[in-house]
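Single-structure report; data block below.
The values are calculated or read from the model by the stated rules, or taken from the named source; none is laboratory data. Small disclaimer: the values here were computed from a predicted structure and weren't measured. Counting neighbours? That spans all protein chains shown, and the Cβs are built from the backbone with ideal geometry, glycine included. Protein only, heavy atoms only, side chains kept; ligands, DNA and RNA dropped before computing areas. Shrake-Rupley method; radii C 1.70, N 1.55, O 1.52, S 1.80 Å.
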Amino acid sequence: DYGLYGTTPADWELAPGASPTTPPAGAPPRVRPLIAVVGLSRTGTSSLTAALEMLNVSVYHTHQSMTHHLDFWDFYLTGRIRRPDVRKLLDGGEHGNSTPRADAVLDAWYAILAPELLRAYPDARVIL
């Protein structure tokens, strides 16, 4: 039963034949490349989050990830999502998603998703 979340694992899957670089319906165009900080926990991601926020960059660090997308992470980390559509996660526009767009993602959550992030955002700036 997925009633707790309001979404199902299938809602977060990349559709068969779909390009991972296609933004979700209703998502505004990106004006800058995604910044992907794919370091593990305790590697300075909190300090980098604070620095990016000082530059008015919208960030998804652990707190934002769990607050806005606990459903996705539960489904993904328990193996119920095989081909995640990370643009739905970060660009919004689907599932009634009114959360702010992420201009930067940081921490172990996104290190796990690094291959999918790089496929979906080939122009991403990556910090290890």
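Scan region 58-73 residue by residue and report those that are among the β-branched types (Val, Ile, Thr) and modelled with pLDDT under 90.
Here is the first cut: in region 58-73, the residues among the β-branched types (Val, Ile, Thr) are 59, 62, 67.
Residues satisfying the conditions are 62, 67.
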Requested in this report: Mind listing whichever residues of region 39-57 are at pLDDT below 90 and either within 16 Å of the chain's Cα centre (by Cα) or among the charged types (D, E, K, R) (or both)?
Outcome: 39, 40, 42, 45
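Each row is one residue, and each column tells you yes or no for (1) at pLDDT below 85; (2) part of a helix (DSSP H, G or I); (3) among the aromatic types (Phe, Trp, Tyr).
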position: 5; (1), (2), (3): no, no, yes
position: 16; (1), (2), (3): no, no, no
position: 19; (1), (2), (3): no, no, no
position: 26; (1), (2), (3): yes, no, no
Report task. Could you check, for region 103-124, whether at least one of its residues is touching a residue at least 60 places away in the same chain (Cβ under 8 Å), over 17 Å from residue 9 (Cα atoms), of a type in the set (Ser, Thr, Tyr) and open to solvent by less than 30 Å² (accessible area, probe 1.4 Å)? Result -> yes
Report task. Go through (1) surrounded by fewer than 19 Cβ atoms within 10 Å (Cβ to Cβ); (2) in a helix (DSSP H, G or I) one by one and return the number of the condition residue 79 breaks. Result -> (2)
Report summary line: Looking across region 61-70 at residues that are of a type outside the set (A, V, I, L, M, F, W, C) and either in contact (Cβ under 8 Å) with a residue 60 or more places away in the chain or in contact with an Asp or Glu (Cβ under 6 Å, 6 or more places away or on another chain) (or both), the single one that is surrounded by the fewest Cβ atoms within 10 Å (Cβ to Cβ) is 62
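Search region 34-60 for residues being in a loop (DSSP other than H, G, I, E, B) and in contact (Cβ under 8 Å) with a residue 24 or more places away in the chain, and hand back the single one that is nearest to residue 87 (Cα to Cα).
Taking region 34-60 first, the residues in a loop (DSSP other than H, G, I, E, B) are 34, 38-44, 55-58.
When the remaining residues are screened for being in contact (Cβ under 8 Å) with a residue 24 or more places away in the chain, the result is 34, 38-41, 57-58.
Numbers: 34: 11, 38: 17, 39: 20, 40: 22, 41: 23, 57: 18, 58: 15 Å.
Top of the filtered list is 34.
Among the candidates 44, 3, 79, which residue alone is out of contact with any strand residue (DSSP E or B) (no Cβ under 7 Å at 6 or more places or on another chain) and more than 18 Å from residue 112 (Cα to Cα)? Even if it seems obvious, please write down each step before you answer.
Working: 44 fails: more than 18 Å from residue 112 (Cα to Cα); 79 fails: more than 18 Å from residue 112 (Cα to Cα).
Selected residue: 3, the only one of 44, 3, 79 that is out of contact with any strand residue (DSSP E or B) (no Cβ under 7 Å at 6 or more places or on another chain) and more than 18 Å from residue 112 (Cα to Cα).
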